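**Student:** Quick one: the structure is below, questions incoming.
The values are calculated or read from the model by the stated rules, or taken from the named source; none is laboratory data. A quick note: this is a predicted structure, and the numbers were derived from the prediction, not measured. Heads up, the Cβs are rebuilt from the backbone with ideal geometry, glycines too, and the neighbour counts pull from every protein chain shown.
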Amino acid sequence: MIATPEQASRKKVECQFRELAGLLLPGKIWVFVKSIIVYADESGTHDETGKEKGSEYPMIAGFAAPASEWSKFRVEWQAVLKAYHAPYFHFREWAAASAVIRGVRKPAGDFQKNPYRTWDLKKLDKFRETLGKIVSRGNKVLIAGAIKRLDEYHEYLKKVGVKPDEVYPFEFCMRYFFIVYYKETLLRWGNFKASVNFVFEQNSNPKWDAAMHQTFNAFQKIDTRLVGISFGEKTNPLYLPLQAADMAVSRLHQMADTLADDSPNCCLSCCLISACNLSTG
């Protein structure tokens, strides 16, 4: 049986993960914690064809950190929200308010629901800058996986005879997200023994939900430290770290067209994106 390009790509990614697992050094432990939690959000996943505006570079991004680090984060993040009388941080609404105030965009029909609609530009910028500093400090690891040029990816599949309905393109983002998770945590923490839980932003698309569970299960078979996957709403106070993930993935999505890559599918290396200052730009 000849493997399809989709099956071959999946096998390639899983092989990469196994190779990374072989790099672990027995007895070398850099993190003495019981639990690591990864919070992640997606951007540009509203159109599987990549033709709609903003869907050219679908990606998943977020942060891995010890549970104790997230406890400190929650206190600091909530203090800023309270100081600014903001119910939550949501980059899309923040950007919409900023664009309206600067005269770049007219208010959309739902603008009256925007929690930042009455703020001035100075307050908006200071709000994001302050939150960005919280995101950037501490023992967190930035992680991102993406497809570079989704339309080119589909053209590639067409050339090799794969029909669009035979693949779910966002699985590539998911697989490479886990690959980058492994690379970056290995570099930062080495062979840590803590359990790892993943929390993703809630997605109403059944295909996304099924693909994410399938991807997690595949990598869990390779690395037994991966113990759980769950989903939450970023506006829910119980999932405050998802707001940090939202800030990261939105900022990186803005930068995506400046990152060059010749292949139709690729992982965004955190070696490149870690230089991104989330509090500016």
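**Student:** Could you figure out which of (1) in contact (Cβ under 8 Å) with a residue 40 or more places away in the chain; (2) in a loop (DSSP other than H, G, I, E, B); (3) among the charged types (D, E, K, R) isn't true of K106?
**Tutor:** Only one criterion in (1) in contact (Cβ under 8 Å) with a residue 40 or more places away in the chain; (2) in a loop (DSSP other than H, G, I, E, B); (3) among the charged types (D, E, K, R) is unmet by K106, namely (1).
**Student:** While we're here: Looking at T215, T224, which one is of a type in the set (V, I, T), assigned to a loop (DSSP other than H, G, I, E, B) and either more than 16 Å from A144 (Cβ to Cβ) or at pLDDT 90 or above (or both)?
**Tutor:** When all the criteria are applied, what remains is T224.
**Student:** Condition test on Y176, is it at pLDDT below 90, among the aromatic types (F, W, Y) and touching a strand residue (DSSP E or B) at 6+ places or on another chain (Cβ under 8 Å)?
**Tutor:** The answer is yes for Y176.
**Student:** Any residue at all in segment 238-258 that is assigned to a strand (DSSP E or B), at pLDDT 95 or above, of a type outside the set (D, E, K, R) and surrounded by 16 or more Cβ atoms within 10 Å (Cβ to Cβ)?
**Tutor:** No.
**Student:** Quick check, is F127 closer than 30 Å to K221 by Cα and more than 21 Å from the chain's Cα centre (by Cα)? Even if it seems obvious, please write down each step before you answer.
**Tutor:** Values: closer than 30 Å to K221 by Cα: no; more than 21 Å from the chain's Cα centre (by Cα): yes.
No: the conditions fail for F127.
**Student:** Could you count how many residues in segment 75-94 are crowded, with 17+ Cβ neighbours inside 10 Å, touching a residue at least 60 places away in the same chain (Cβ under 8 Å) and part of a helix (DSSP H, G or I)?
**Tutor:** Residues flagged as crowded, with 17+ Cβ neighbours inside 10 Å, touching a residue at least 60 places away in the same chain (Cβ under 8 Å) and part of a helix (DSSP H, G or I) within segment 75-94 amount to 2.
**Student:** Within segment 114-137, count every residue that is farther than 21 Å from R74 by Cα and either touching a Lys or Arg at 6+ places or on another chain (Cβ under 8 Å) or among the polar types (S, T, N, Q) (or both).
**Tutor:** So the count comes out to 3.
**Student:** On to the next question. In a strand (DSSP E or B) and at pLDDT below 95, is that true of E6? Let's see the steps before the verdict.
**Tutor:** Details: in a strand (DSSP E or B): no; at pLDDT below 95: yes.
Against the criterion (in a strand (DSSP E or B) and at pLDDT below 95), E6 does not qualify.
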